Amino acid sequence: MGVINTTPDSFSDGGKFDTLDKAFAQAQQMIASGADILDVGGESTRPGSEAVDEKQELARTIPLIKAIRQLSDIPISIDTNKSAVMRAAVDAGANMINSIWALQLDDSLQVAVELNVPVCLMHMQGTPDTMQHNPDYQDVVKEVFDFLQGRIDAARAAGIASHNIIVDPGFGFGKTLEHNLLLLRSLPEFRKLGVQLLVGMSRKGMIGAILDKPADQRLYGSLSVAVMAAMLGADIVRVHDVAETVDALAMVRAVGQVAS
Ligand code: 9MG
């Protein structure tokens with residue numbers, strides 16, 4: 001899954017793709033590089049980020065989704081928490097909803113049921129503006145697991161089929177470095193939830209903290225964790241560097257396919 005942020009304050013690319021043309025060029029490059037899904041977002045979720053209003057989010061995402069859809073039938077995910085943006089995005093050609101709030105806000109769960117597309121339900125402790133102030137767990141793996149189980153149950157009860165549910169432990173969303181590393185090591189545990197597993201660690205602070213490098217120098221660290229995640233059971237990895245990750249994951253797949 002290639003990340004396309006149309007936000008001027010995105011943490012990893014500093015808003016490089018803040019115009020439609022640039023974001024569209026980025027999408028084209030990701031498609032050519034072998035992305036399976038594009039994740040389009042119009043509101044930054046980096047730690048400390050502030051919310052944007054609906055009008056602005058629509059203006060940033062909908063023309064881009066329409067432009068990508070004219071070019072390709074690649075699955076497009078809309079990274080949003082606003083039900084009006086979900087509706088408009090699916091209407092414009094998006095085929096999936098990525099909710100860092102796990103569809104807990106307003107009528108988003110009901111709207112996702114109506115739209116009948118796959119949904120990604122992510123764990124987050126706190127809110128994007130405060131989540132990294134003091135992340136606190138007794139048992140991070142159990143608490144994230146139980147939260148995701150609860151959201152799967154809520155989604156199923158509302159009418160979303162299991163095959164349309166994807167879960168995500170939410171690396172960097174209200175977690176210390178230790179929490180993130182423990183979650184990565186414990187990824188096989190999350191397979192027990194019985195639905196698809198998505199992870200997003202690309203260029204994040206957990207890599208910067210270990211390598212002591214800024215976001216634009218975290219490619220090798222990002223590839224390492226993408227490979228580990230795939231080997232530990234992730235179905236989808238959300239990344240900025242699609243071409244490099246496609247090669248790295250082809251190697252993982254090849255090893256997994258060797259007959260024993
Ligand atoms: C929007 N966004 C930023 N980071 C993310 C992550 O790790 N997972 C998902 N599902 N979305 C994310």
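The values are calculated or read from the model by the stated rules, or taken from the named source; none is laboratory data. Just so we're clear, the structure is a prediction, and the values are computed from it rather than from any experiment. We place every Cβ from the backbone using ideal geometry, glycine too, and count neighbours over all the protein chains shown. For the accessible areas, the whole protein counts, side chains as well, though only heavy atoms, and no ligand, DNA or RNA atoms are used. Shrake-Rupley method; radii C 1.70, N 1.55, O 1.52, S 1.80 Å.
Whenever you get a sec, compute what percent of the accessible area on the chain sits on carbon and sulfur atoms (1.4 Å probe).
52
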At q = 0.20, 0.21 Å⁻¹, the log10 of I(q)/I(0) for region 49-180 from a Debye sum over equal Cα scatterers comes to -1.16, -1.22
Taking max minus min of the Cα coordinates of the chain on each principal axis, largest first, gives extents in Å of 43, 43, 38
Note to self: with every protein chain in place and a 1.4 Å probe, the chain gives an accessible area per residue in Å² of 46
So Leu71 and Gln138, fully extended at 0.36 nm per residue minus their Cα-Cα distance, gain in nm 19.3 nm
Once both label points are put 7 Å beyond Cα along the C-beta direction, the Asp53-Thr19 separation in nm becomes 2.5
The correct ranking of Glu54, Glu43 by accessible area at 1.4 Å, largest first, is Glu54, Glu43
Using a 1.4 Å probe on heavy atoms of the protein chains only, the accessible area for Leu184 in Å², nearest 10, reads 10
With R₀ set to 22 angstrom, the calculated FRET efficiency between the beta-carbons of Glu114 and Asp153, to the nearest 0.05, is 0.70
Karplus ³J(HN,Hα) for region 253-260 (6.51 cos²θ - 1.76 cosθ + 1.60, θ = phi - 60°; Hz, whole; x = Gly/Pro) runs 4, 4, 5, x, 8, 5, 5, 8
